[in-house]
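No value in this document is a laboratory result; all are computed from the given coordinates. Given the structure is predicted, the values throughout are model-derived calculations rather than measurements. Please note: Cβ atoms are built from the backbone with ideal geometry, for glycine as well, and neighbour counts cover all protein chains shown.
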Amino acid sequence: MSATQIAPSSQRERVLGGLFRAALFVSLAIGILTLCWLILSILIEGWPRLNQDVIFHFPSSNPELAGAQSAIMGTIWVVGLTALVTIPLGVGAAVYLEEYADRDRWWNRLIELNIQNLAAVPSIVYGILGLAFFVRGFLGLGQTVLAAALTLSLLVLPIVIISSREAIRAVPDSIRQGALALGATQWQTIWRQVLPAAIPGMATGSILALSRAIGEAAPLVLLGGLTFITFNPEGLDSAFTVLPIQIFNWISRPQEEFHVLAAAAILVLLVLLVAMNAAAIFLRNKYQRKW
Amino acid sequence: MSTTTASTSPSRPVRRLGEARPRYGERLIKALLLMCAAVSVATTAGIVIALAGPTIEFLGEVPLKDFLFGTDWRPLFSPADFGVLPLVTATIVVTACALAVCIPFGLGSAIYLSEYARPGVRKTLKPVLEVLAGIPTVVYGFFALTFLTPTLERIWLFGDPPSVFNALSAGLVMGVMILPTVASLSEDAMAAVPQTLRQGAYALGASKRIVATKIVVPAALSGIVASFVLAISRAVGETMIVLIAAGGTPNLSVNPAEAMQTMTAFIAAAGLGDQSTGSIGYQTIFAVGALLFIATFAMNVISIRLVRKYREVYE
C-alpha cells in the first residue's frame, strides 16, 4: 500500500470521510426505522381490535367473534413441554462439552461441529424430521401437542446448548480447583459449585431459546397444526394450534376483518415475547456475577 | 468420600497410595451427559435418514435429470411434472432481494458500530438492532403482504407494479430480518482485528475512513464473508415470509415483481395439504427438502470454516 493511498489530500478526504460516515449511519438507521415502521403499523391496525375477545374467544368463521384462546393455550402447552424436554438435554450436553469432553477425541469435535451446523439448519427441515419420525413413522404420535413439542425441542436445542456452554465457561477455574482440592468429586464440583454459579446465564439463554420457539410456525405447519381448533389442549395427545399458526391462518383469509384480527393477535404475541425478553434481561442484570 | 480407610481395612482390596477408588456413579453421570450431547448428532442423523428414504423412492419414479433440470413444477397435475427449477429460481430471486438489503446495510451497520460509535451509543443501538432478529417470521410476512407491497405499488416507477404476492417485498423484508445477523457477526470479526493494526495506519497519517475500509475490513474479511454466507443460508431456508407474501404458484421467472413459489414455500404448502404417507405428493416434500438441506448444509460448513480461520489468525 503506497503512502499516497493511505494519506490522501486532506480536503478531499474530509468530504469523503463525512460522506462515508453518513452512509454508515444511514445503514444503521434503515434497520431501526424499519423496526419502528413495522411495530407502529401493526399497532395502528391491531389496536382497535385488541380486546379481551382476542384472548378469551375461540376461533370462529365470524371475524367479529373470533379469538385466539385455543392458540394461546396451545402455545403455552407446546412451549412449556418444549422447555421440559430441551432444558435438561441442553444443559446436560453443555456440561458434558465444557466439563468432561476431551477435545482431542474426534467424537467430541464432531459433536461441537454438529451443534454449530444444526443451529443454522432451516426450521422447516426440522418440520420434515418431525413429520417423518414423530407424526407418522417411528413414534407415530399423530398431529399432537407432544409431536410439536419434541420437534421444537430439537429445533431450539442448539441454542440452549450454546448459551449454557457460555454460562458454564464464565465460571472461573479457581472455583473448580477449590472444590476439588477440598476432596469433592468432579460431579460434586459441577453440581454444587459450577451449576449454581451458571444458573443465571443458563436461564437467560433458555428463555431466549424458548422465545424463538414461541414465534416459530414453519415446522408446525408441516406437522399439521393448522386444523381449525376450537378447544384447548387437554393432554399430550391433544390436537393443537399455536399463536403463529393461528395468525398465519387469519392472514391467509381474504377478508380484511381477519387481517385486523391477525394484527391484534400479533400484538398479543409481541407482548408475550417482550415479557420473556424483559425477564431474560432482568435475570442477567440481577444475578450475573462478575468474577 | 474418605479414601484413607482403604489401606487399613483388611476386608477391602489393597490399593496403592494415590490410586483412586473406582467411582461408578461418576462414570454413569458422565455417560448420561454424553448421551445428552449425542442427541444433537442423532438429530442430524435423523434428518438425513428422514430425507433419504422418501427421496430415493421419489428418484425411483422421477429421474434425477428431470427433477433437477425440468422447467415445470406441477406435482399434483396429471400428467405431473417434477422439474424443480422454478422453485430454485424463485428461491434465488428472493434470496438476491434479501441480500441486496442485508449485505450493504448490515456491513455498514457493523462498521459504524465497531469503528465509529461511542461505547455508550453502541450499547444502546446494538440491542435495538437485534430486536429485528427476534420478531417472529409470520409477523414479517404479514408486514410484507399488508404494508410493504401496497407501498411498493404506490411508489413503483417503471413497468407493471408488483402483484399482490411478489418476491420483491418478501425478499426486502427478509433482508431486514437477517440484517442483525450480518451486522453482529461482521462486528465480532472486526472487533477481533488487533488494535495495533489500526494504530499503525493512523501513525502513517490515515484517516478514519481509510482505516475502516483499507485496514479493518480486509483484516476481518473471512469473518465478514462468513456472515454473508450464513445470511444466504438463512434466506434460502426462510419459510413463513415467502409462504405469506411471495405467493403459491411455481413460476420460472427472474422478475421479482411477480408472484413465485420458493422451495421452502412449496414444502410448507404441500404439508398443509395433508398428503397420505408414501404418495408421490408426500415424497416431493422430502425430495425438495433434501435439496434445501444439502444447499444450506454446504453453506453452513463454509461459514463455520471461515469463522474459524479468522479466529486462528488473531487469537
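Brief remarks on what is shown
- Equivalent ellipsoid dimensions for the protein assembly as shown as semi-axes, Å, which come from the Cα gyration tensor, largest first: 40, 35, 25
- Seen from all directions on average, segment A:69-143 presents a Cα convex hull projection of 6.5 nm².
- Given charges at beta-carbon only (K, R positive; D, E negative), |dipole| of segment B:178-315 in Debye: 660 debye
- Exposed loop sites here mean GluC sites (Glu not before Pro) with a DSSP loop assignment and at most 16 other beta-carbon atoms within 10 Å; chain A contains its longest site-free run at A:65-233.
- Of the trypsin sites (Lys or Arg not before Pro) in segment A:1-105, the ones in a loop by DSSP (not H, G, I, E or B) with at most 15 other beta carbons within 10 Å are A:Arg103, A:Arg105.
- If a spin label sat at a point 7 angstrom from the Cα of B:Ala80 along the line to its beta carbon, the backbone N atoms of segment B:262-282 nearer than 16 Å would be those of B:266-282.
- Considering only the Cα atoms of segment B:230-315, their convex hull presents on average a projected area of 7.5 nm².
- Bins of 10 Å from zero: percent of alpha-carbon pairs in segment B:81-314: 8, 28, 30, 21, 10, 3, 1
- Size of electric dipole in chain B: Cβ of Lys, Arg +1 and of Asp, Glu -1, about Cα centre, debye, nearest 20: 1980 debye
- The simple Förster model, with R0 at 45 Å and r as the Cβ-Cβ distance, assigns B:Met35 and B:Ala203 a FRET efficiency of 0.20.
- Taking the square roots of five times each eigenvalue of the Cα gyration tensor of segment B:10-106, the equivalent ellipsoid has semi-axes of 56, 23, 9 Å, listed largest first.
- Only helices enter this figure: runs of n ≥ 4 DSSP H residues, each worth -39500 (n - 2.57), summed and divided by the residues of chain A, yield -22500 deg cm²/dmol at 222 nm to the nearest 500.
- Cleavage-rule hits (chymotrypsin sites (Phe, Trp or Tyr not before Pro)) in segment B:101-208: DSSP loop, at most 13 neighbouring Cβ within 10 angstrom: B:Trp156, B:Phe158
- Over segment A:185-285, equivalent-ellipsoid semi-axes from the Cα gyration tensor in Å: 37, 18, 10
- Positive-end residue of B:Val254, B:Ile244, A:Gly74, charge dipole of the protein assembly as shown with Cβ unit charges: A:Gly74
- Coordinate range of the alpha-carbon atoms in chain A per principal axis, descending: 69, 66, 37 Å.
- For chain A, with +1 on Lys and Arg beta carbons and -1 on Asp and Glu, the positive-most of A:Ala29, A:Ile229, A:Ile42 along the dipole: A:Ala29
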